[in-house]
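The values are calculated or read from the model by the stated rules, or taken from the named source; none is laboratory data. Owing to the predicted nature of the structure, the values given are computational and were not obtained by experimental measurement. Cβ atoms come from the backbone with ideal geometry, glycine included; neighbour counts cover every protein chain shown. With ligands, DNA and RNA removed, areas are computed over all heavy atoms of the protein, side chains included. Shrake-Rupley method; radii C 1.70, N 1.55, O 1.52, S 1.80 Å.
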Amino acid sequence: MSAPGETRARGGSAPAQAGNPRTGGGSASRPAEGSGPGAVPRAGLTDDRQAGRTNDRATPGAWSPMAPAHPVRPAPDPAHSWAAGTGGRPFVSFGEPEGFGGRTRPRVGARTVAAAACLVLGFGLIGGAATGSWLTGDGGPDGAGNAFGTARTLWHSVPVDELFPPTVQGTGAGPGGADRTWTRIAVARDSGCAHAFDPLLHKVLAPVGCQRLLRATYTDATQTYVTTVGLLFTKADPAAMSALAARFRDEHLDSRADLMPRPYAAAGTAAAGFGERQRASWTVSVLTDAPVVAYAVSGWADGRTVDTPQPAADAVRSGATTAPAQAGLGNEAQGLADRIERRLRKTVGTATEKPS
């Protein structure tokens, strides 16, 4: 227990006497500032004041009239100042701002957005095209199958003038490249095939079936020749039509006189006397892109008979000397059959196209 007037320093164990600050009584534990030999007292301060200041430093917890009202904070370290040199300046790094969800959202550039949009658009166009092709039946094997099926129904869905026009122009179709013009003089009613072919030809065509037969007879500008053209719409699929075409090609069935088609003779026309014995030249074409067999047979309009008919492919050859070849009856059959076949394909293409 300390005596009255004594205090204990906070950082030490030895007691320090503190006198009355006004009378200067008592001595400090260490010399006061400005004391000692040769020391000069500070101006403006009495010994009493100096003693009191010394006591204040010795005993931080004691009251002193010179103590500031508020504690003085230590001065900042110049090394931590922004104006300090680079050698003592601390390294400061700033972190990325935190996102609301805990994870920052990556920034997407304009090029990335454009590329993604083009990719989506490209897939959309490809998907739309594929879907449209599937719905309309166009493109690739499906498109060909759709055309094949469309051709099968033309015999009852297309006007006769589209398949057998009233006039057919045959530019360069005659002998030596001469032009031909054919005029339609008779159209047979659509029918079956029971009496349209010779028995042997009927047997050869039996594998593809007979759905409907369309026929028309034409004459040239001078009405010297008559030609019957026919379109046999079969019941076959593409494979069966291909098989029949291969057989005609491999066995040369189109050049056999016993497989010659019959003509259509219409009473009251230039073809009234056009019968089986007046057949002079013929051609048979088995289509593979449509269920159709196209053919043509020609003869003289005056009813003369022909002892040795000749296939059109042989009669149109240069140097052929048979009567049908010299008369140009091979050109009549071949030229008219080719143009009717072209019109058929064109009609199939038009019927297959879907309106936009």
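Of all residue pairs spaced 6 or more apart or on separate chains, those with beta-carbon atoms under 7 Å, a first member in the range 192-214 that is under 20 Å from Pro238 (Cα atoms) and a second member that is assigned to a strand (DSSP E or B) and open to solvent by 10 Å² or more (accessible area, probe 1.4 Å) are Leu213/Ser191. Per this entry, Arg343 is counted among residues that are in contact (Cβ under 8 Å) with a residue 40 or more places away in the chain and out of contact with any Ser or Thr (no Cβ under 6 Å at 6 or more places or on another chain).
For the range 272-323, name all the residues that are closer than 17 Å to Thr227 by Cβ, open to solvent by 20 Å² or more (accessible area, probe 1.4 Å), aliphatic (A, V, I, L, M) and part of a loop (DSSP other than H, G, I, E, B). Hits for the range 272-323 are Ala272, Ala301, Val306, Val316. Annotation note: of Ala239, Ala216, Ala266, the sole residue that is more than 19 Å from Asp307 (Cα to Cα) and assigned to a loop (DSSP other than H, G, I, E, B) is Ala266.
Scanning the range 306-344 for residues that are β-branched (Val, Ile, Thr) and closer than 21 Å to Ile185 by Cα yields one hit, Ile340.
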